[in-house]
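So the structure is just underneath, and the comments pick up after that.
The values are calculated or read from the model by the stated rules, or taken from the named source; none is laboratory data. Given the structure is predicted, the values throughout are model-derived calculations rather than measurements. Neighbour counts are summed over all protein chains in view; Cβ atoms, including those assigned to glycine, are modelled from backbone coordinates with ideal geometry. SASA here: full protein model, heavy atoms, side chains in, ligands and nucleic acids out. Shrake-Rupley method; radii C 1.70, N 1.55, O 1.52, S 1.80 Å.
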Amino acid sequence: MKNYSVWKSILQNGFWLPLFFQDTALPAIAIPASVATLAPGDHVRVLAVIVALMSFVSMIVPPIAGAISDALTRRGIPRRIPIWVGAALDVSCLIMLSQVHTVGLFLTFVLLATMGANISLAAYQALIPDVVPKDAWGRASGIRSVAMLVGTILGFGVAAGTPPPTTFIGVSVAIGVGALLLLAEPERSTREPKEHAHISDWHDFTIVFIARAFLAFGLALLMTFVLYFFRDILHVGNPSVGTALVGVASLVGAIISSIYLGWLSDRVPRKIVVALCGVPMTLAAAGFAITPDPHWMYAYALLFGVGFGGIMSTGWALAIDSVPKLRDVARDLGIWGIAQNFPQVIAPLAGGAVLAAYGYSQAGYRVLFFTAAASFALGSVTVLAVGKKPLIPWWGAPMRIASGIVVGIYLRSAYRIRSWGALERKRGPSLVISNHQIEIDLMAIMAAFVLQGGWRTPILTASAKLMYEPGFLALRIPWLWRVLYNVNLGWLFEGLGLMPLENELQSRSVARWAWGAERRHGVLPLDQVFKPGAIALHGLSGMTSRDLFRARNFKRAQETYVRLSDLLPVHRKEAFDDMRAGVERDLARIEDALQRGATFYVTPEGEYPSDGAMLPFRGIWDRLAPHAQSVYLAAISYDPFVGGRLSQLYRIVRLRSKENVVAELQAARPVTTSALLSEWLVNLGTPFTEDEAVTAVEQRLRTLPEGLFVDPELQRNTRALVRQAVGNVRKYGRKHPQFPQTPDMVNFQARFFAETLQGLEQSHAALRVQHASVFNDPSPVGIVSGSGELPLN
């Protein structure tokens, strides 16, 4: 910023002066005055149509012209070229406007001139982020606003003091000279040639867009009809001069505020400055409605200008801050310009309808001005949401609720789900830790969780990274695979509160490895990505990465798994580096969500155990646990041998000690009929009867240690449940259809129950140590008893 001079900024911002000279002189005075002459009996309606069409052109041209300007710039063509093309069209049409005498021709050349000005504007407004250091954007934006204000003052002065044809000629000369002045300052970019910096996100851009739309709507209501207000309500002798004087008063206030507020916005949050600027604008618009006196009008205009100057200087810098990627700055600022221009399409029509409904009376203008005041207030409030991105988007909230209801109903009809316990309502940043067994582990619990929590602090969960790649749903919904085989719905899952986390670290489908290589290098032959043996073994020789996502190869490519070591060395290293960076990025996002107050539900084991033994916790537990104010356990058990539907049981309990999380999770799991029967069967080498099985389970129930949670139905109806379980063991044998990765379901349940007992013992031991340390601690602490807290020393 030290090397960025004020003089350089003045040269770079000089073209704003003629652009706003035109933007003020034409719609505020020259065009209404011309329309009053060309259509004296229908001037309000004709003006509303012309202004609305001008705003429509100003809305659709900048995004298109901006995208073209960005593309040309990336090819080395300077932005001055499209600026001059637009200026040439603008100047020629302005000259023609001074000669026409029919409404049709007048409208045609007005719209063409508007198109030319917006082509120039789209390329020109990208110069500041192109050539100005980021820490000087606020100051440069302030200087820009001064140039705009001077141009606006000239627009009011020239248009009020000259007939419309002369105004059109004067504006054309100013545009031509301003465009040529761009030669005085060479166009150099401070960015690297391949700059793709992500400086914001679409949430902030959307908020700024909405806030700007509110402000622009109110401004359009005021600007479009103020001349007629002076003429028809205040009965000013020369309404053009009255409009100009009010405009100049507002611009004096704007000059007072714009430079300082632009400088200030480089040092304090810009959104605060923009929000505060809406306050005087709101008060001034309300003042117009309450006291429509010519003398008060100038005071209100001055107050309005103070806020307007700040909006002009800092609002634009805030828009640049909110552009998602600088490489597309002209396009995105063109999109942002829609927020400025679309309200100007509907505001004249809406304002004209209001005035017509009230017979063009003072009451109609009062409604108009109060509406403008409300728009300014809404813009100020809206902009405060910048930087407060919700953890799920607004459109995700209703979809999330609907999915929770639908999934919950489906799971409870397809499976038998029972639960005990609940999360506390006020819990702050929290973790919910669950053990992992099969695919539906999280589904039932999460379906219940999505109906809890708020929009800004929802209950989120991690999901496999493959869900965010093409083809995931095609495998889960086979009858729709031809529709979904090349569709990536990752955006939808994120909107529902599912956050990606890689859990296939060593082995993935051929399609996933190939898709990653294609993203890095484009379409590649598979023999340039994988070792020859790996491709030939699965009949994929001669194919490209794109071929794997064609309908005829899709299923085989998605279901064929190979290891990381099957990739060629270059791609293996790239895949490993991408995987490591991706895991870090995913964990950082989850960590940020937790710190912002979310509750995060995760299975730290990552993979499904095949033998009933809990797998070691991965790094996500160590990464997130320090940030959690509360940790809850979602302890899951299944009762696979009881009933016709698979039965899931889970408990929600609060973790007592983070150091003992594995043992507490094991101990909290419900004890089921299948677990007790399997414990007895695993060492039984002889045939047995149902009665023997019932007797064994009943005896085991009597010897279970205290502290276990036993399925209440098992305690109430032991004999019936054991008989069901014996029948299903004989039906399924050692392998259960709902646990495809488990070779021996009896051994699985027996080991699962053994670890539950082990976890209970470890939890008790840890609790005894904790109590012993409390009694041995000489510090003045206490214990809670039935009569209250008793001192221990």
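Taking amide H as placed 1.01 Å from N in the peptide plane, the amide H of Leu633 sits under 5 Å from that of Ile433, Val653, Arg654, Leu655, each at least 5 places away or on another chain. Residue-wise HN-Hα couplings along segment 687-701, as the Karplus relation 6.51 cos²θ - 1.76 cosθ + 1.60 with θ = phi - 60° gives them from phi, are x, 9, 10, 4, 5, 5, 5, 4, 4, 5, 5, 4, 5, 5, 4 Hz; Gly and Pro carry x.
Taking amide H atoms as placed 1.01 Å from N in the peptide plane, the amide H of Val710 lies under 5 Å from those of Val671, each 5 or more residues away in sequence or on another chain. If R0 is 51 Å, the Cβ-Cβ spacing of Thr108 and Arg596 corresponds to a FRET efficiency of close to 0.45.
Solvent-accessible area per residue for segment 40-132 at a 1.4 Å probe radius, Å²?
In whole numbers, segment 40-132 has 39 Å² accessible per residue.
3J(HN,Hα) couplings calculated from phi for segment 509-526 with the Karplus curve 6.51 cos²θ - 1.76 cosθ + 1.60 (θ = phi - 60°) are, in sequence order, 5, 4, 4, 5, 4, 5, 5, x, 5, 5, 5, 7, 10, x, 5, 10, x, 5 Hz; Gly and Pro show x.
Spin-label model, Leu757/Thr689: points 7 Å from Cα along the beta carbon direction are separated by 2.6 nm. Extension gain for Ala88-Gln699 works out to 210.3 nm (0.36 nm per residue, less the C-alpha to C-alpha distance).
What FRET efficiency comes out for His295 versus Leu53 if R0 is 30 angstrom and r is the Cβ-Cβ distance? Round to the nearest 0.05. Efficiency, rounded to the nearest 0.05: 0.25. Residue-wise HN-Hα couplings along segment 169-183, as the Karplus relation 6.51 cos²θ - 1.76 cosθ + 1.60 with θ = phi - 60° gives them from phi, are 5, x, 5, 4, 5, 4, 4, x, 5, x, 5, 5, 5, 5, 5 Hz; Gly and Pro carry x. Of the Cα atoms belonging to segment 499-567, the radius of gyration and Dmax stand at 11.3, 36 Å. All distinct Cα pairs of segment 606-703 go into the 1/r average, and the inverse of that average, the Kirkwood radius, is 16.0 Å.
For Val487, put the label point 7 Å out on the Cα→Cβ axis and report which residues of segment 530-574 keep their amide N under 20 Å from it. The answer is 548-559, whose backbone nitrogens lie closer than 20 Å to the label point.
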